[in-house]
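> Before I ask anything, here is the structure I am working with.
The values are calculated or read from the model by the stated rules, or taken from the named source; none is laboratory data. Quick caveat, the model's predicted, so the values are computed rather than measured. Using ideal geometry, Cβ is built from the backbone for each residue, glycine included, and neighbour counts are taken over all protein chains shown.
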Amino acid sequence: MHILGIETSCDETAAAVVAADGTILSNVVFSQLDEHTPYGGVVPEIAARAHLDHIEAVVKAALDQSGIGWDRIDAVAATTGPGLIGGVIVGATVAKALAMVQDKPFVAVNHLEGHALTCRLTDDVAFPYLLLLVSGGHSQILIVGGVGRYKRLGSTIDDAVGEAFDKTAKMLGLGFPGGPAVEQAAKSGDPTRFDLPRPLMGRPGADFSFSGLKTAVRNTVERLPDPITDQDLADVAASFQAAVADVLADRMKNAIAEFRAAHPEGDTLVIAGGVAANQAIRARLSTLTDKLNMRTVAPPLKLCTDNGAMIAWAGLERFRLGKSDGFDAVCRPRWPLDTMEPA
Ligand code: ATP
Ligand code: MG
Ligand code: FE
């Protein structure tokens, strides 16, 4: 079984062909960096137009590189939300048109389910597992009971983790997107130099908050000599990243207890979404799960941030359970995982 997957929910125009045994036959990602860099963030209207400009070439490249023809593709999947709606409509419409012309089923994919199930494409992960989903727009802890089966244990009450990384990068003049740049800068920094807040740490529950941390970073940067020195910059980045890791580990500790109470056999924590690419955060959570006799699984770096393979795979997981969608499937700007129907 082979699925073509299309992703256009943010600023990556992406397409991939994936097989049921987990082989990624092609995975083409066009990042619209040049389009958005002048504005220091993703501009929705520009993103939608850029998807329109690039989608045809990206899909063609994914099909060409896969080495298989339409005769061996079983269905076409696309992100139908959540995300920037103009972009979502571009990808979903192209996918529906291709499916219609090639006489293939269409599978509507929740972008967050794409992040959530990527671990099953690359690793041997069985349901149920505990998921820390940390991306540019979302920060949630969920129990993944199956395809379409999500129970939310906690979520951010303000900013997403990726957003906090991006804003910190902006305050440090590190450009966009900020996560990788902050991680890089933190490597030569002292994580104990600035005593930044750890919001909600030590409290019961598994919710997060990052807006106070963001404000503290701003105040810290404003008090430093301008222009900022390389060492000050590295120390702020390292102190910020340490605060985030502390908060995530603290919240996960509570979530693991709740997960274990419900599923004593569950032994896997999965980190997914763009922030899962962060090695310091991965290492911190691995240390936590090692102590608790669990394992931490995270996708390979290039499958953490948005890509077509994760959408093809989530589509495949639905399709092999007998699910597909009509060409009237709607596109949604919001689509929380825990409101999905079990597949
Ligand atoms: P969502 O999935 O919530 O709709 P999105 O698709 O825009 O949001 P992703 O592509 O999953 O988000 O992730 C992008 C985010 O991940 C950005 O905020 C980026 O800064 C962050 N990120 C990427 N790499 C790293 C890293 N190494 N360390 C920390 N953050 C990172
Ligand atoms: Mg992006
Ligand atoms: Fe994403």
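> Give the residues of the stretch 173-223 that are basic (K, R) and in a loop (DSSP other than H, G, I, E, B), sorted by residue number.
Once the filter is applied, which keeps residues that are basic (K, R) and in a loop (DSSP other than H, G, I, E, B), the stretch 173-223 yields K187, R193, R198, R203.
> Also, I was wondering about something else. Only one residue in D190, D158, D207 is out of contact with any helix residue (DSSP H, G or I) (no Cβ under 6 Å at 6 or more places or on another chain) and of a type outside the set (K, R), so which one is that?
D207
> Further question: So which residues in the stretch 123-135 are surrounded by fewer than 24 Cβ atoms within 10 Å (Cβ to Cβ) and either closer than 16 Å to L285 by Cα or not β-branched (V, I, T) (or both)?
Within the stretch 123-135, D123, D124, A126, F127, P128, Y129 meet the criteria.
> When only residues in the stretch 251-300 that are among the β-branched types (V, I, T) and not in a helix (DSSP H, G or I) count, which is farthest from S135 (Cα to Cα)?
T268
> Find the residue count for the stretch 284-343, including only residues that are more than 16 Å from ligand 3 (Cβ to nearest atom), within 22 Å of the chain's Cα centre (by Cα) and of a type in the set (D, E, K, R).
Count: 6.
> One residue is enough: does the stretch 323-335 have a residue meeting the conditions within 29 Å of L25 (Cβ to Cβ) and within 16 Å of ligand 2 (Cβ to nearest atom)?
no
> Restricting to the stretch 277-290, and then to whatever is over 10 Å from E183 (Cβ atoms) and out of contact with any Lys or Arg (no Cβ under 7 Å at 6 or more places or on another chain), can you tell me which residue is nearest to ligand 2 (Cβ to nearest atom)?
R282
> Inside the stretch 263-297, can you point out the residues that are within 14 Å of ligand 1 (Cβ to nearest atom), more than 19 Å from L337 (Cα to Cα) and either at pLDDT below 95 or aliphatic (A, V, I, L, M) (or both)?
Passing the criteria: A277, A280, I281, A283, L285.
To keep it simple, each residue is scored yes or no on (1) of a type in the set (D, E, K, R); (2) within 12 Å of ligand 3 (Cβ to nearest atom).
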residue	(1), (2)
D74	yes, no
A77	no, no
G81	no, yes
G86	no, no
I89	no, no
A92	no, no
K104	yes, no
L112	no, yes
T122	no, no
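> Across the stretch 1-56, what is the total count of residues that are within 15 Å of ligand 2 (Cβ to nearest atom), touching a residue at least 24 places away in the same chain (Cβ under 8 Å) and among the hydroxyl-bearing types (S, T, Y)?
Going through the stretch 1-56 one residue at a time, the tally reaches 4.
> Among the candidates A312, A283, which residue alone is under 17 Å from A15 (Cα atoms) and aliphatic (A, V, I, L, M)?
A312
> Answer with yes or no whether T156 is outside the structural domain of A243 (by TED's automatic domain parsing), within 16 Å of ligand 1 (Cβ to nearest atom) and farther than 19 Å from A280 by Cα.
Criteria not met by T156.
Here is a yes/no grid of residues against (1) outside any helix (DSSP H, G or I); (2) surrounded by 14 or more Cβ atoms within 10 Å (Cβ to Cβ):
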{"site": "T13", "(1), (2)": "yes, yes"}
{"site": "F30", "(1), (2)": "yes, yes"}
{"site": "H36", "(1), (2)": "no, yes"}
{"site": "K60", "(1), (2)": "no, no"}
{"site": "I68", "(1), (2)": "yes, yes"}
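> Then there is this: Looking at G22 and the list (1) part of a loop (DSSP other than H, G, I, E, B); (2) within 26 Å of T168 (Cβ to Cβ), which single condition is not satisfied?
Status for G22: all satisfied but (2).
> Still on this structure, I have one more. What number goes with the only condition from (1) under 30 Å from G205 (Cβ atoms); (2) without any contact (Cβ under 8 Å) to a residue 60 or more places away in the chain; (3) out of contact with any strand residue (DSSP E or B) (no Cβ under 7 Å at 6 or more places or on another chain) that F127 does not pass?
Only one criterion in (1) under 30 Å from G205 (Cβ atoms); (2) without any contact (Cβ under 8 Å) to a residue 60 or more places away in the chain; (3) out of contact with any strand residue (DSSP E or B) (no Cβ under 7 Å at 6 or more places or on another chain) is unmet by F127, namely (3).
> Of everything in the stretch 224-240, what is among the hydrophobic types (A, V, I, L, M, F, W, C) and assigned to a loop (DSSP other than H, G, I, E, B)? Give them in sequence order.
The answer is L224, I228.
> Would you mind telling me which numbered condition in (1) modelled with pLDDT under 95; (2) within 21 Å of the chain's Cα centre (by Cα) P38 fails?
For P38, the exception is condition (2).
> Here is a follow-up. Going through I68, I85, I73 one at a time, which residue ends up being out of contact with any Leu (no Cβ under 9 Å at 6 or more places or on another chain), aliphatic (A, V, I, L, M) and either assigned by TED's automatic domain parsing to the domain that holds V330 or under 18 Å from N307 (Cβ atoms) (or both)?
On inspection, the qualifying residue turns out to be I85.
> With (1) in a strand (DSSP E or B); (2) buried (at least 19 other Cβ atoms within 10 Å of the Cβ); (3) touching a helix residue (DSSP H, G or I) at 6+ places or on another chain (Cβ under 7 Å) as the list, and R152 as the residue in question, which single condition is left unmet?
Status for R152: all satisfied but (2).
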